[in-house]
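Here the structure is laid out as structure tokens; the discussion comes afterwards.
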Amino acid sequence: MTASDTATALPTLDMDMSLSVEEAAARHAASGLLTVDLDAIVANWRLLAGKSTPAECAAVVKADAYGCGAVPVATALAGAGCATFFVATLNEAKALRPALREQAALYVLDGFFPHCGDVYAAIDARPVIGSLIELAEWDVFRRRSGWQGGAALHIDTGMNRLGVLPAEAEGLLPRLRQADHGLTLVMSHLACADTPEHPLNGRQAVAFREIASRFTGIPAALANSSGVFLGPAFHFDMVRPGAALYGVNPTPEADNPMQPAVGVEARIVQIREVARGDTVGYGATWTARRPTRLAVVTAGYADGYFRAAGGVDGVRSAEAVVAGQRCPVAGRISMDLIAIDITELSDNAVRRGHMATLIGGGVTVDELARHFGTIGYEVLTSLGRRYHRIYKPAAAA
Ligand SMILES: *Cc1c(COP(=O)(O)O)cnc(C)c1O
């Protein structure tokens, strides 16, 4: 192999000389690169915190921080002053607790998992209690173990998912006379916050205010990401944004106020010419209407790039950015590969080993979600495990 062969064969992954040999090798061996911009996530948290002042801005880091990595994300946010974190499951809390300071509050949204009281106690996790039976189980555990940890009471105001009814919550008010009642938060969850004009928003805010105000001295929280943008009547004492931290637009009817936090690039493994009239991919759903040049990249639906975004004749497909230009996906998305129509690019613009940008460079998570037939939340939480992850700035060890 000559030196120039080597140069062409080398993927032009970020050939940053500051990379360790191991890091460079890991980048070359992966199907693609998933870049998480921790600075952007911190900036998004600050923006949400500013919008919600004087309410406290917590952070929802469930589902591995929506695919971004719960430990690096929570570490970065704690460094910026975030003091309260929400995960969904007890296992998520277990994985996250060692990365947090003792004083950080850690809530488990799915509640008090049966037979697990010792774990809550060991890691000082607070269940978000969603039913009276759960509250009774938690009380039994506390009585038996003597554990003094806190819990949130979830009150359902119209979501009809988790939470005690307002009338049931009212029945719990006498409990507040006990010094060790244990409740550190009352909360509810909005069902339609991303649709500001939906009448359920106002009804939930009123219902929640009514019941929360009777839990004197206990902080109250209602808003998710979109709820932050519904105004001060929705902020109460604490807000709980998730998706907006990671760049998903919390105001779908207006421009996105958040910074994009996630980028995905996949390697071009082959460039090939296809004759006019030839079809591309499984099912022959896409026909070349001109002599076509394709870039085949090493990512697919197993990496969270949904099959729904594939190129079908007559349908506008999703786009990727190649050599700085948007190019459409051609043919079905395979498990491990995607073909991109790069005919519009000049001949020398791109070669094997270059990277195609699947998310980033103007292609947003929300845009991809429309092609996938879903929402940005599902795009993020579906991001595959085969990508090599890069944290910017590098997460503190
Ligand atoms: C997921 C979740 C959140 C965060 O919602 P986003 O829309 O991602 O901001 C807040 N509260 C509860 C109860 C949740 O389940």
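The values are calculated or read from the model by the stated rules, or taken from the named source; none is laboratory data. Nothing here was measured: the structure is a model prediction, and the numbers come from that model. Glycine also receives a Cβ, built like all others from the backbone with ideal geometry; neighbour counts cover every protein chain displayed. Quick note on the areas: whole protein, heavy atoms, side chains included, nothing else; ligands and nucleic acids left out. Shrake-Rupley method; radii C 1.70, N 1.55, O 1.52, S 1.80 Å.
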Item to complete: Kindly list the number of the only condition in (1) touching a residue at least 40 places away in the same chain (Cβ under 8 Å); (2) part of a helix (DSSP H, G or I); (3) not acidic (Asp, Glu) that fails for ARG209.
Response: (1)
Worksheet item: For the stretch 352-393, what are the residues that are out of contact with any strand residue (DSSP E or B) (no Cβ under 7 Å at 6 or more places or on another chain) and hydroxyl-bearing (Ser, Thr, Tyr)?
Response: THR364, THR374, TYR377, THR381, SER382
Worksheet item: How many residues does the stretch 15-40 contain that are out of contact with any strand residue (DSSP E or B) (no Cβ under 8 Å at 6 or more places or on another chain) and not in a helix (DSSP H, G or I)?
Response: 6
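Taking the stretch 254-281 as the region of interest, how many residues are open to solvent by 40 Å² or more (accessible area, probe 1.4 Å) and either more than 20 Å from the chain's Cα centre (by Cα) or without any contact (Cβ under 8 Å) to a residue 12 or more places away in the chain (or both)?
First pass over the stretch 254-281, keeping only residues open to solvent by 40 Å² or more (accessible area, probe 1.4 Å): 254-257, 259-260, 265, 269-273, 275-279, 281.
Restricting the remaining residues to those that are either more than 20 Å from the chain's Cα centre (by Cα) or without any contact (Cβ under 8 Å) to a residue 12 or more places away in the chain (or both) gives 254-255, 269-273, 275-279, 281.
Qualifying residue count for the region: 13.
Going by what's in this entry, would ALA99 be described as under 26 Å from GLY182 (Cα atoms) and open to solvent by 20 Å² or more (accessible area, probe 1.4 Å)?
Criteria met by ALA99.
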Practice prompt. Could you tell me whether HIS235 is surrounded by fewer than 24 Cβ atoms within 10 Å (Cβ to Cβ) and either free of Cβ contacts under 8 Å to residues at least 12 places away in the same chain or farther than 30 Å from ARG177 by Cβ (or both)?
Written response: no
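Do the conditions hold for ALA78, that is, is it touching a Lys or Arg at 6+ places or on another chain (Cβ under 8 Å), small (Gly, Ala, Ser) and assigned to a helix (DSSP H, G or I)?
On the way: touching a Lys or Arg at 6+ places or on another chain (Cβ under 8 Å): yes; small (Gly, Ala, Ser): yes; assigned to a helix (DSSP H, G or I): yes.
Answer is yes for this residue.
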Worksheet, complete the sentence: How many residues of the stretch 64-87 are under 21 Å from VAL36 (Cβ atoms) and open to solvent by less than 20 Å² (accessible area, probe 1.4 Å)? The answer is 13
Discussion item. Condition first: in contact with an Asp or Glu (Cβ under 9 Å, 6 or more places away or on another chain), within 16 Å of the ligand (Cβ to nearest atom) and touching a residue at least 24 places away in the same chain (Cβ under 8 Å). Can you find one or more residues in the stretch 366-376 that meet it?
Written reply: yes
Worksheet item: What pairs can you find where one residue is in the stretch 172-201 and closer than 23 Å to GLY242 by Cα and within 16 Å of the ligand (Cβ to nearest atom), the other is aromatic (Phe, Trp, Tyr) and assigned to a helix (DSSP H, G or I), and their Cβ atoms are less than 6 Å apart, with a gap of 6+ or different chains?
Response: SER188/PHE208
